[in-house]
Amino acid sequence: MEAIPEHNGHSRTAPHGRLSPAPRPRPITPRERVPLTVDEVAALGDRLRAGILGAVRMPAEVLEIVLATVLAGGHLLVEDYPGVGKTQLARSLARTLDGRFTRVQATVDLLPADIVGANVWRADLGEFEFRPGPVFANVVLVDEINRATPKTQSGLLEAMEERQVTVDGESRPLPSPMVLIATQNPAAGYDGTYPLPPAQLDRFLSLISLGYPSAEQEMELLRAGPEPAAEAVTDPERLLAAQECVAAVHAADPLLRYIVDLLTATREHPLAEVGASPRAGLLLLAAARARAALNGRSFVLPDDVQALAVPVLAHRLQRTAAAPATAALEIVEDAVRRVRAR
């Protein structure tokens with residue numbers, strides 16, 4: 001696996017000149033990928049579980065959300081206090097996927113060009129040359145994303161949604177697959193953090209928190225010392241094949257109606273200023289399909305939707321001014337409890 005050092009520099013301003021062609025990653029064509037069955041996706045999920053749990057200690061139900069997010073082709077936001085293993089989880093996931101891996105340490109002076117890349121003047125060639133930023137990778141870790149300014153955070157929007165970046169009017173596709181994993185500390189009580197705006201949060205398929213380990217797990221952690229590095233168990237081409245298989249998992253019309261009813265319930269909740277968007281429904285369905293495939297099923301059940309409703313929907317909701325800080329969680333839990341599957 002290729003690793004790139006932390007990126008935290010400033011872009012350079014160059015004089016006008018000719019732009020040299022940018023190096024573009026070679027796309028993986030469908031003919032190079034062998035289609036996978038649902039059983040093969042489930043077996044891949046077992047290998048990913050074993051690889052990650054061998055390197056980081058975390059609750060099994062949280063790991064299921066992580067795997068569903070990756071197989072659904074989404075992005076993951078990990079929010080928790082320092083020292084509980086957020087970065088270790090991201091690194092371990094990247095190693096098991098065996099793609100090109102980059103890491104960005106977000107700071108207040110980080111610029112959008114430090115992430116997406118910039119055109120740099122080459123005096124020896126007499127022309128501009130595009131230098132790709134760290135976002136040109138299969139797995140991108142943005143550590144402490146809420147320490148970056150809103151301007152820099154906005155530089156990730158196009159990359160996350162359209163899998164491309166536009167620099168000086170020219171769009172450049174990102175490698176495929178591309179998974180962005182961002183970590184953040186809770187904003188309350190921390191100076192120098194910038195809360196992610198709703199548009200940015202809406203690009204993350206799911207949000208998870210690791211929490212503190214149990215007393216027994218922490219004793220074992222102290223006894224064992226540093227965790228071993230995770231081993232690669234798949235590659236980008238096989239992951240793309242798994243994502244294509246997941247996208248084909250069947251969802252019946254009653255199941256789709258159930259998701260729509262859940263979304264409507266969040267919008268009509270008295271604690272909600274803004275409920276779940278249509279994009280939230282699409283991503284909830286994608287994650288539910290991935291969970292079904294991980295369990296060896298070629299069809300989605302309401303149980304899949306219910307298990308993923310909180311991590312997929314809660315961070316997208318905007319509570320009313322008088323609502324408590326936990327209102328988003330309460331809104332989703334109320335919707336799951338009150339809406340009946342058809």
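Could you give the distance between the Cα centres of region 229-288 and region 326-342, to the whole Å?
Between the Cα centre of region 229-288 and that of region 326-342, the gap is 16 Å.
Report ³J(HN,Hα) in whole Hz for each residue of region 49-61, in order, from the Karplus equation J = 6.51 cos²θ - 1.76 cosθ + 1.60 where θ = phi - 60°; Gly and Pro get x.
Working through the residues one at a time gives 4, 4, x, 6, 5, x, 10, 8, 8, 7, x, 4, 5 Hz.
Just to confirm my numbers, what's the Cα centroid distance between region 112-141 and region 167-183 in Å?
12 Å
So what J values fall out for region 247-253 if you push phi through Karplus, 6.51 cos²θ - 1.76 cosθ + 1.60 with θ = phi - 60°, rounded to Hz, Gly and Pro as x?
Values, residue by residue: 5, 8, 4, 6, 10, 6, 4 Hz.
Relative contact order of region 196-342, please, whole-number percent, based on alpha carbon pairs below 8 angstrom and at least 6 residues apart.
30 percent
With an 8 Å cut-off on Cα pairs and a minimum separation of 6 or more residues, tell me the relative contact order of region 277-339 in percent.
So the answer I get is 29 percent.
When you count, for each residue, the other Cβ atoms within 10 Å and take the mean per peptide, how do 248-257, 313-322 rank with the highest first?
Answer by packing, highest mean first, reads 313-322, 248-257.
Report the calculated FRET efficiency for S298 and S214 (r = Cβ-Cβ distance, R0 = 41 Å), to the nearest 0.05.
Approximately 0.70, to the nearest 0.05.
What is the ratio of the Cα radius of gyration of region 214-320 to 2.2 N^0.38 Å, with N the residue count, to two decimals? Each step should come with its number before you reach the end.
Values: Rg = 18.3 Å, N = 107, 2.2 N^0.38 = 13.0 Å.
My calculation over the Cα atoms of region 214-320 gives 1.41.
Given region 62-116 reduced to its alpha-carbon atoms as identical point scatterers, what log10 I(q)/I(0) does the Debye formula return at q = 0.13, 0.23, 0.30 Å⁻¹?
Summing over Cα pairs of region 62-116 leads to -0.41, -1.13, -1.30.
Once both labels are modelled 7 Å past Cα along the beta-carbon direction, what's the D39-E268 spacing in nm?
Roughly 4.4 nm, to one decimal.
Ordered by packing density, taken as the mean number of other Cβ atoms within 10 Å over each peptide's residues, highest first, how do 195-206, 132-143 rank?
132-143, 195-206
Could you sort Y81, Y194, Y258 by their accessible area in this structure, using a 1.4 Å probe and putting the largest first?
Y81, Y194, Y258
Looking at the chain only, what percent of DSSP beta bridges run antiparallel? Nearest 5 please.
40 percent
Normalised by the residues of the chain, what does the relative contact order come to in percent, with Cα pairs under 8 Å and at least six apart?
It rounds to 24 percent for the chain.
The values are calculated or read from the model by the stated rules, or taken from the named source; none is laboratory data. For clarity, every value in this text was computed on a predicted model and none was experimentally measured. Neighbour counts run over all protein chains shown; Cβ positions are idealised from the backbone, glycine included. Note: areas computed on protein heavy atoms with side chains; ligands, DNA, RNA excluded. Shrake-Rupley method; radii C 1.70, N 1.55, O 1.52, S 1.80 Å.
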